[in-house]
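Here's the structure, in structure tokens; my notes come after.
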Amino acid sequence: SSSSKNFTANGTLATLTFKVSDSAISGDAFIKLSYNPANIYDASLNNVAKRCNVSAAYVSSTVKDTTGKTFKEHLMEKRLTKAAALLKSTALSVGDIIVMVGYENTSYFYRIFTEKYGMSPKTYRQLK
């Protein structure tokens, strides 16, 4: 079972979910913080830890324990999933979507998107 704790980070209300058994903050709760438009650009392990008032090592191990992935891998998956949803549901340019989900390097985004979905973002959008 779990409980929730509300707190304000960078002026934005966020919710963290706690496992009652060990009071460990769930990995997904940390990642959800990264999708707030106000703080998408600072969705790093250190910044999430700072916002949650815990150590980066604690965030890292908690995310790994709860998701089976590193913080970076889990964040990348969440960002790509969000990008895919935006490609299907909006007319935003691929460039705008890349920035919205927190990437600065367009070539890198195209490479990891194509690896995950087996096609370019443009082709993915056309299949909707």
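Looking at this structure, is LYS78 modelled with pLDDT under 85, touching a helix residue (DSSP H, G or I) at 6+ places or on another chain (Cβ under 6 Å) and outside any helix (DSSP H, G or I)? Reasoning before the result, please.
Details: modelled with pLDDT under 85: yes; touching a helix residue (DSSP H, G or I) at 6+ places or on another chain (Cβ under 6 Å): yes; outside any helix (DSSP H, G or I): no.
In short, no.
Restricted to region 81-105, and to residues there that are assigned to a helix (DSSP H, G or I) and more than 28 Å from VAL59 (Cα to Cα), the residue that is least open to solvent (accessible area, probe 1.4 Å) is LEU87. Candidates are the residues of region 55-80 that are within 23 Å of TYR117 (Cβ to Cβ) and of a type in the set (Lys, Arg); the one that is surrounded by the most Cβ atoms within 10 Å (Cβ to Cβ) is ARG79. Among the residues examined, THR17 qualifies as within 17 Å of the chain's Cα centre (by Cα) and either at negative phi or modelled with pLDDT under 85 (or both). Within region 55-75, the set of residues being part of a helix (DSSP H, G or I) and of a type outside the set (A, V, I, L, M, F, W, C) comprises TYR58, SER60, SER61, THR62, LYS64, ASP65, THR66, THR67, LYS72, GLU73, HIS74.
In region 92-119, the residues that are farther than 18 Å from GLU77 by Cβ form Cβ pairs under 7 Å with partners that are in a helix (DSSP H, G or I) and open to solvent by less than 60 Å² (accessible area, probe 1.4 Å), at six or more places apart or across chains, as follows: LEU92/LEU86; VAL94/PRO121; THR106/GLY95; THR106/ILE98. Based on this model, can you work out whether SER60 counts as out of contact with any helix residue (DSSP H, G or I) (no Cβ under 8 Å at 6 or more places or on another chain), modelled with pLDDT under 95 and on the phi < 0 side of the Ramachandran plot? Judged against the criteria, SER60 is not a match.
The values are calculated or read from the model by the stated rules, or taken from the named source; none is laboratory data. If you're wondering where the values come from, they're calculated on a predicted model, not measured in any experiment. Using ideal geometry, Cβ is built from the backbone for each residue, glycine included, and neighbour counts are taken over all protein chains shown. Side chains included, ligands, DNA and RNA excluded: accessible areas come from the protein's heavy atoms. Shrake-Rupley method; radii C 1.70, N 1.55, O 1.52, S 1.80 Å.
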